[in-house]
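The values are calculated or read from the model by the stated rules, or taken from the named source; none is laboratory data. Just so you know, these numbers come straight off a predicted model, no measurement behind them. Every residue, glycine as well, gets a Cβ built from its backbone with ideal geometry; the counts of neighbours run over all protein chains shown. Side chains included, ligands, DNA and RNA excluded: accessible areas come from the protein's heavy atoms. Shrake-Rupley method; radii C 1.70, N 1.55, O 1.52, S 1.80 Å.
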Amino acid sequence: LLSSKNCFFTRAQYQQLLYQAVSVIVKTYERVPISCPTILKPAPLWTGKQLMSDLIKFVVGKQTGVSAAAASFNMDGKPKLPNDIWGKGNPEE
């Protein structure tokens, strides 16, 4: 699994996986910015979670017309619990 706790990739592995994922979406050459490595020494290593984040940023950027470096993803939603469940004086009220 890419998101497992002890899954790390070298620069070559990271770029290859990212290229394979992006090549399905885009048929032309495009730069895909990558995030900074999680581990710097003894060798730079990236995590699978970073790979997924970079891929999502790229896809969101393609759909919205924003550059992949500036793209971000947010989630809006409503809570399932009512505010009064936490008692009076709740700052969320």
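A few points about this structure:
- When Tyr19, Tyr29 are compared by accessible area at a 1.4 angstrom probe, the order from most to least is Tyr29, Tyr19.
- Hits among lysines - C-alpha to C-alpha of Lys57 under 22 Å, sequence gap 8 or more where chains match: Lys5, Lys27, Lys49
- Fraction of the pair-distance distribution of segment 1-60 above 19 Å, Cα-Cα pairs, percent: 26
- Relative packing of 55-61, 37-43, 9-15, which averages over residues the other C-beta atoms within 10 Å, highest first: 55-61, 9-15, 37-43
- Gain in span if fully extended, Ile85 to Val26, counting 0.36 nm per residue against the direct Cα distance: 16.4 nm
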